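Asker: Pasting in a structure now, in structure tokens, and then I'll have a few things to ask.
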Amino acid sequence: MNDPTPVRTYLGVPLYRPRVAFFEFSSCEGCQLQILNNEATLLDFLSLVEVVNFREAMKERSDDYEIALVEGSITRGDETGRLKKIREKAKVLVALGSCACFGGVNQLKNRFGLDWVKKEVYGDSPIETEYVRPLEDIVKVDLKIFGCPVKKEEVENIIINIAIGKAIVHPKYPICTECKANENICLFDLGEPCLGPITRGGCNSWCPNSRFGCWGCRGPAEDTNIEQMKKIMKEHGFSEDTILDRLECFGGFSSYAQELRKK
Amino acid sequence: MIFRVFDKDELKKLFNVMVSANKVIGPVEIGRDRDNKPIYAFNEVKSFDSVRLDYTTTKLPAKRYFLPFKENLATFSLDADDWQKKVDYNIDRPFIFFGLHACDINALNKLDKVLLGSIYPMPYYAAKRENMFIIGLDCTPQPYCFCRSMGADTALHGFDMFITDVGDLYFVEILSDTAFNFLKNIKTAEPVEDDHIQYMKVVSEKNKKFTTHVDTTDLTKILDMEFQSDVWKQWGEQCLACGTCSKVCPTCYCYGVEETIDINLHGAKKTKFLYSCNLIDFAEVAGGHNFRPERHSRLKYRYYHKHRGFVEAYEESLCVGCGRCGEACLAGITVPEVIASVRGEAG
Ligand code: SF4
Ligand code: SF4
Ligand code: SF4
Ligand code: SF4
Ligand code: SF4
């Protein structure tokens, strides 16, 4: 991709334009699509960073990059090697989306034996597959961008902050904080389950805004009261399986879910 | 104060006069909960028939009209070597509030003390507040209401007129010229002795209906003595640190400010958003130190601000007893229970 614009300035100060590469492992590529999706701001986005590798958007590839945005989880042996190489080259490695951060929907298969999974999915022509792991199981991750998919506004803000050298902070509070500010009717009032009280905010209560309970795709908030969440689900008549299904869906709560399963 | 009475049919006429030239906010039903009970909210109303005069408590106070959950404080336009700031108080016309209960009016009176009465009044609030015309409406105490314990069951000021249903008639207290002039549009009468008697009867009937009480005697002292009490830890174990209690509270005003830059680098924004002392990083300072990392200490300070600090500063508590926080808290933490538990320790 050609350099679309000259170096940008912010209040007269020229900005350093980092070289960015996108990579994907086992994923649906939905997170990368979110970034491409925003046509109105795409050119501005591209003027802040120099994209040298983005399979979904361009043919050219380069191994000379500073920031690697890595989507997907690790589920095959060869992926491990590739990820380690990316880590060696990148100054900053960003886990993009819930698959990269926690394993994502893919890690659902970890509940079952690998033989069963292979047979169920690939039938008589099995392929190599391992238990699903998030990036940080294998390499050091410098920054996580949560969400399934990530929210483009959030990614854009992060890129702006990287460009102007501002600290990147994620919300530490749970979804309920945003949900109340959006004046939604609480799903529990409507008789629906929701993981909003324990899930990290930042999506602007995306699902409850459309009257869907949260499934916890952004993983746990920073002060998570899982015991109380369990009680609330029970009091509202939801089974242990209902909460487990949600806790296990994206992998962010896997340690909590394992605890629950043990009991 | 001037009193009048008017026929029930006249209220619709009054509404129609008001709505013809103003934006009217009133209680409406926005849905039904799982028990088929109505869910109320303060929304803009265009027709009298959608106003639910019999509403109980709205899930959220009318906060969005005077303390928006999210508000743009300033926008900046940035050029190569210059920048300009634009401030907007985000109010373009007055609002008529058609039917606020006494607790919500008292909540505004309390907010005024902090946000208007301090050395640095908050202009964003002041601009909206000056553009509020308030019609109060009497109510029926619900099982969670404890406004009477907090001295907030009647409003003495902070409204333009206050309407009480006294059977066949509405009894109205008038506090402002504007209200008096509005009432010229409908047929009203001077109340007679019987109307006064009827009004007193309605008030005393209402007072009998309170089932939840909070003992506030010596509460500031008791809170001081029970600072280290274990009951706080028990409540802390239940708390989800979700901030819902502050969001639904008509008197909570804490906020955070965020500065963001547009992706084209030509604009920037300063945004205010309401926060809560129960959230994990409420007392986190630059450098990362958190003065209240534990849930129980944050929950405790919410009670200390409302029932101790504020009382010491203003001789009244920062709680009107509307019961919204307890109703909305998924963990079932209610003000009456928390305070009773703290008092229990003392007694
Ligand atoms: S709908 Fe979910 S996120 Fe919203 S307040 Fe209720 S529990 Fe919290
Ligand atoms: S509401 Fe929950 S499941 Fe939905 S996007 Fe946000 S974190 Fe993910
Ligand atoms: S007291 Fe209830 S509403 Fe308030 S933060 Fe704790 S759990 Fe949330
Ligand atoms: S603390 Fe609770 S009861 Fe008191 S005013 Fe706030 S929401 Fe109402
Ligand atoms: S400190 Fe807590 S209780 Fe007090 S106004 Fe702020 S959010 Fe409300």
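Asker: Got the relative contact order for chain B handy, in percent, Cα pairs under 8 Å and 6 or more residues apart?
Answerer: After rounding, I find 21 percent.
Asker: DSSP loop (so not H, G, I, E, B), at most 13 other Cβ within 10 Å: list which GluC sites (Glu not before Pro) in region A:53-92 pass both filters.
Answerer: Sites meeting the loop and neighbour criteria: A:E56, A:E60.
Asker: So how tilted is helix A:152-164 from the main axis of chain A? Cα-based, degrees 0 to 90, rounded to 10.
Answerer: Result, in degrees: 40.
Asker: A further question follows. State, to one decimal in nm², a quarter of the convex hull surface area for the C-alpha atoms of chain B, i.e. the direction-averaged projected area.
Answerer: About 21.4 nm², averaged over all directions.
Asker: Ranked highest first by the average count of other Cβ atoms within 10 Å around their residues, in what order do B:33-46, B:81-94 fall?
Answerer: Answer by packing, highest mean first, reads B:33-46, B:81-94.
Asker: Which whole number gives the average count of other chain Cβ atoms within 10 Å of the Cβ atoms across peptide B:261-268?
Answerer: Mean shielding by partner chains, rounded to a whole number: 6.
Asker: So what J values fall out for region A:210-217 if you push phi through Karplus, 6.51 cos²θ - 1.76 cosθ + 1.60 with θ = phi - 60°, rounded to Hz, Gly and Pro as x?
Answerer: 9, 6, 10, x, 6, 9, x, 5
Asker: Just round it to a whole percent: the fraction of Cα-Cα distances in the protein assembly as shown exceeding 41 Å.
Answerer: Taking all Cα-Cα pairs of the protein assembly as shown, the fraction more than 41 Å apart is 37 percent.
Asker: At what distance in nm do the modelled label points of A:R55 and B:N22 sit from each other, each positioned 7 Å from its Cα along Cα→Cβ?
Answerer: 6.4 nm
Asker: Taking the number of other C-beta atoms within 10 Å as the exposure measure, put B:H307, B:H157, A:H236 in order starting with the fewest.
Answerer: B:H157, A:H236, B:H307
Asker: Other chains' Cβ within 10 Å of A:187-197 residues: what's the mean? Please list the in-between numbers first.
Answerer: On the way: counts 1, 4, 11, 5, 3, 1, 0, 1, 0, 4, 6.
Mean shielding count: 3.
Asker: Oh, and also: A:E153 versus B:I30, label points 7 Å from Cα toward the beta carbon: distance in nm?
Answerer: 1.8 nm
Asker: Sticking with this structure for a sec: When a footprinting reagent is the concern and you count Cβ atoms within 10 Å, what order do A:S73, A:S27 take, fewest first?
Answerer: Ascending Cβ contact count within 10 Å gives the list A:S27, A:S73.
Asker: Cβ neighbours within 10 Å, averaged per peptide: list B:311-318, B:273-280, B:96-103 in order, most packed at the top.
Answerer: The most tightly packed comes first, giving B:96-103, B:273-280, B:311-318.
Asker: Let me ask another. Give the percent of DSSP beta bridges with both residues in chain B that are antiparallel, rounded to the nearest 5.
Answerer: For chain B, the DSSP antiparallel bridge percentage is about 80.
Asker: Helix-only mean residue ellipticity at 222 nm, chain B, DSSP H runs n ≥ 4 weighted -39,500 (n - 2.57), per residue, nearest 500. What is it?
Answerer: Counting only the DSSP helices, I get -9000 deg cm²/dmol.
Asker: Just checking the output field for A:170-180: average partner chain Cβ neighbours within 10 Å of each residue's Cβ?
Answerer: Counting Cβ atoms of other protein chains within 10 Å of each residue's Cβ and averaging gives 6.
Asker: Still on this structure, I have one more. Taking a cut-off of 22 Å between Cα atoms, list the lysines near B:K184, but don't count ones fewer than 8 places away on the same chain.
Answerer: Once the sequence-local lysines are set aside, what remains near B:K184 is B:K8, B:K12, B:K13, B:K23, B:K46.
Asker: With both partners inside the protein assembly as shown, how many of the DSSP beta bridges are antiparallel, as a percent to the nearest 5?
Answerer: In the protein assembly as shown, approximately 65 percent of DSSP beta bridges are antiparallel ones.
Asker: Right, here's the next one. Given the pairs A:K234/B:K306; A:K230/A:K263; B:K63/B:K247; A:K262/B:K233, which span a C-alpha to C-alpha distance of over 20 angstrom in this model?
Answerer: On the way: A:K234/B:K306 32 Å; A:K230/A:K263 13 Å; B:K63/B:K247 9 Å; A:K262/B:K233 27 Å.
From the list (A:K234/B:K306; A:K230/A:K263; B:K63/B:K247; A:K262/B:K233), the Cα-Cα distance tops 20 Å for A:K234/B:K306; A:K262/B:K233.
Asker: Still on this model: For helix A:226-235, what angle does its Cα long axis make with the longest principal axis of chain A, in degrees from 0 to 90 and rounded to 10?
Answerer: Its long axis makes an angle of about 50 degrees.
Asker: Taking Rh as the Kirkwood radius computed over C-alpha pairs, what is the Stokes-Einstein D of region B:219-342 at 20 °C in a medium of viscosity 1.002 mPa s, expressed in µm² per second?
Answerer: Here the translational diffusion coefficient equals 136 µm²/s.
Asker: How far is it, in nm, from the label point at B:D81 to the one at B:K201 when both lie 7 Å from their Cα along the line to the Cβ?
Answerer: The two pseudo-label positions are separated by 8.2 nm.
Asker: Just rank B:F171, B:F48, fewest to most, by other beta-carbon atoms within 10 angstrom.
Answerer: B:F48, B:F171
Read-outs: derived from the displayed coordinates by stated rules, not from any lab. Quick caveat: nothing in here was measured; it's all calculated off a predicted structure. Cβ coordinates were reconstructed from backbone atoms using ideal geometry, including for glycine residues, and neighbour counts include every protein chain displayed.
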